[in-house]
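Take a look at the structure below.
The values are calculated or read from the model by the stated rules, or taken from the named source; none is laboratory data. All figures in this text were calculated on a predicted structure; none of them were measured in a lab. Cβ coordinates were reconstructed from backbone atoms using ideal geometry, including for glycine residues, and neighbour counts include every protein chain displayed. Keep in mind that these areas ignore ligands, DNA and RNA; they rest on the heavy atoms of the full protein, side chains included. Shrake-Rupley method; radii C 1.70, N 1.55, O 1.52, S 1.80 Å.
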Amino acid sequence: MLSGSALQPSAHALSQDQEDSHSPRATRVMRDYDEVTAFLGEWGPFQRLIFFLLSSSIIPNGFNGISVVFLAGIPEHHCRVPAGANLSSEWRNHSIPLQLQDGREVPRQCQRYRLAALANFSAMGLVPGRDVNLSQVELEPCLDGWEYSQDTYLSTIVTEWDLVCEDDWKAPLTTSLFFVGVLIGSFISGQLSDKFGRKNVLFVTMGMQTGFSFLQIFSTSFEMFSVLFVLVGMGQISNYVAAFVLGTEILGKSIRIIFSTLGVCIFYAIGYMLLPLFAYFIREWRMLLLALTLPGLLCFPLWWVIPESPRWLLSQGRLEEAEAIIRKAAKINGIVGPQIIFDPMELQDLNSRKQHSHSILDLFRTPNIRTITIMSIILWMTISVGYFGLSLDTPNLHGDNYLNCFLAAVIEVPAYIIAWLLLRYLPRRYSMSASLFLGGSVLLCIQLVPPGAYDRFLPYILMGSLTVLTAILTLFLPESYGIPLPDTIDDMLRVKGIKYRQSPSRNNNNSRILKEGEERHTVLKTTAF
């Protein structure tokens, strides 16, 4: 006779089997995973090890996500006047026209007085401003390049390849291309981890992020740097998603919220905080990139410590490997596991039945799922625009660039703690809507801070408006607090957005009824064996 824990199906699986006789029993194994592995406990040495190792692997992501702030920093600059120009020291000092900026006169960045005319004035012994009205002198572009201030940066990709004036669009393009890579990685990372495993994708994409960042150090052109940055972006988001999924699948229910907020997110913030510290002491962009790349190498030995997701192995029919990982975890926790953890009969069913295959298109096939998918996409797009828009804008704030970046990272820590408390104790829709509404309102109020040009407020007005609108949209998402999460596409068909009003008490009552039926089913099945 097999053990009850190995045989006992979940209540939801019973109802699913009644509704769809073609549903594979492998799904039943996956739904019963928490109960079958409950003997491990929630917070033993094994879980703590996985928690901190996976969270630590996120630290390099904090570097790469915002590193372009310093790698593509734009120092003060003006046209270069070659040493061979036949100008007196006085005319050389007046060769760059001045303009008013933030209440002070600064040299123009993209124009100079025509040197041929200045050379004639100098040869004639004329004095600038007294004998010659400089406003009447013809201007010309920076034909000999630029001189860059080294007060903030010794070098950046901007100073390396003169990405200013007519080419000033190239530095923002570099940032945009990084996020193109992030977009591509977001689409393919889930598909790859479903096919090849969470652990494999985690370390391969970690290698992409580290390897291509290292190759960027040897970039010989803006184009080479930008193409590599796309690949870095793909690796950065893909290993973040893989680590996130791997952790939530290995850790127990009570630890998943902590892992996804105080674990992954805070360690990302730690990497973000370290970025301005590295940049402050390393002002040359190639050496800075090298320093930001090396910590990624420390993550590769984790291959021999972090296991594959047993849940994913079960979904692939690799029951023996999944059970070996669980038994190793039990040994680390000092626990003796049951003789049989997973029912071998379930593996036979898995091999004998054809599994349903799904693609990303299934998220748009039915009106209900399509609505939730589109709303979720809008939500994530708005949050990403607001978060990265503010993070990447720190060099434009008044004050020290390094201090501004560090403070932007530090403020994330209390934000994640608040998020954890909200997720733990309050309904998710209202918590998220309130947070977005507050953030959007603050962005809209920035325009009230005097002075500054009106066009500088336009991005904040846009981000604030989108955030407030998304806060309203969030109220139409289905509530998940205290409610079982859907596991399959079929489950999602029964989720009704704002109409989904199942209360926790009602859910508990339904669970009790199904539990009774589940126990009767277990007795019958055990008797059959």
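A few notes on this one:
- Index of the failed condition, Leu397 passing every other in (1) crowded, with 16+ Cβ neighbours inside 10 Å; (2) of a type in the set (A, V, I, L, M, F, W, C); (3) within 30 Å of Leu71 (Cα to Cα): (1)
- Ala279 open to solvent by less than 20 Å² (accessible area, probe 1.4 Å), under 29 Å from Thr152 (Cα atoms) and either part of a helix (DSSP H, G or I) or among the charged types (D, E, K, R) (or both): yes
- Criterion: of a type in the set (Ser, Thr, Tyr) and modelled with pLDDT under 90 - qualifying residue of Ser260, Ser226: Ser260
- Within segment 165-181, the presence of a residue that is within 30 Å of Leu314 (Cβ to Cβ) and open to solvent by 10 Å² or more (accessible area, probe 1.4 Å) is excluded.
- Selection within segment 92-128: residues that are more than 24 Å from Glu166 (Cβ to Cβ) and among the basic types (Lys, Arg). The member of this set that is least open to solvent (accessible area, probe 1.4 Å) is Arg92.
- Candidate set from segment 83-111 (those that are among the charged types (D, E, K, R) and under 43 Å from the mean Cα position of the chain (by Cα)); member that is modelled with the lowest pLDDT: Asp102
- Helices (runs of 4 or more DSSP H) completely within segment 282-353 that count 2 or more residues being at pLDDT 85 or above and open to solvent by 60 Å² or more (accessible area, probe 1.4 Å): 285-297, 319-332
- Selection within segment 360-394 - within 30 Å of Gly452 (Cβ to Cβ), open to solvent by less than 40 Å² (accessible area, probe 1.4 Å) and β-branched (Val, Ile, Thr): Thr382, Thr394
- Selection count where residues are modelled with pLDDT under 75 and open to solvent by less than 40 Å² (accessible area, probe 1.4 Å), scope segment 30-64: 3
- Members of segment 70-80 found to be touching a helix residue (DSSP H, G or I) at 6+ places or on another chain (Cβ under 6 Å) and open to solvent by 10 Å² or more (accessible area, probe 1.4 Å), listed by number: Ala72, Ile74
- Tallying residues that are assigned to a loop (DSSP other than H, G, I, E, B) and either under 16 Å from Cys142 (Cβ atoms) or basic (Lys, Arg) (or both) within segment 73-83 yields 7.
- Hey, Gly65 under 26 Å from Gly399 (Cβ atoms) and either part of a strand (DSSP E or B) or among the small types (Gly, Ala, Ser) (or both) or not: yes
- Filtered residue count, segment 281-327, keeping only those that are of a type outside the set (A, V, I, L, M), in contact with a helix residue (DSSP H, G or I) (Cβ under 8 Å, 6 or more places away or on another chain) and closer than 25 Å to Ser55 by Cβ: 14
- Any hit, segment 17-29, residues being modelled with pLDDT of 85 or more and either open to solvent by 50 Å² or more (accessible area, probe 1.4 Å) or assigned to a helix (DSSP H, G or I) (or both): no
Yes or no, residue by residue, for (1) farther than 30 Å from Tyr402 by Cβ; (2) β-branched (Val, Ile, Thr); (3) open to solvent by 50 Å² or more (accessible area, probe 1.4 Å); (4) free of Cβ contacts under 8 Å to residues at least 12 places away in the same chain:
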| site | (1), (2), (3), (4) |
| --- | --- |
| Pro82 | yes, no, no, no |
| Glu90 | yes, no, yes, no |
| Asn133 | yes, no, yes, yes |
| Gly185 | no, no, no, no |
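- For Leu397, the conditions (1) at pLDDT below 80; (2) in contact with a Ser or Thr (Cβ under 7 Å, 6 or more places away or on another chain); (3) of a type in the set (A, V, I, L, M, F, W, C) all hold with the exception of (2).
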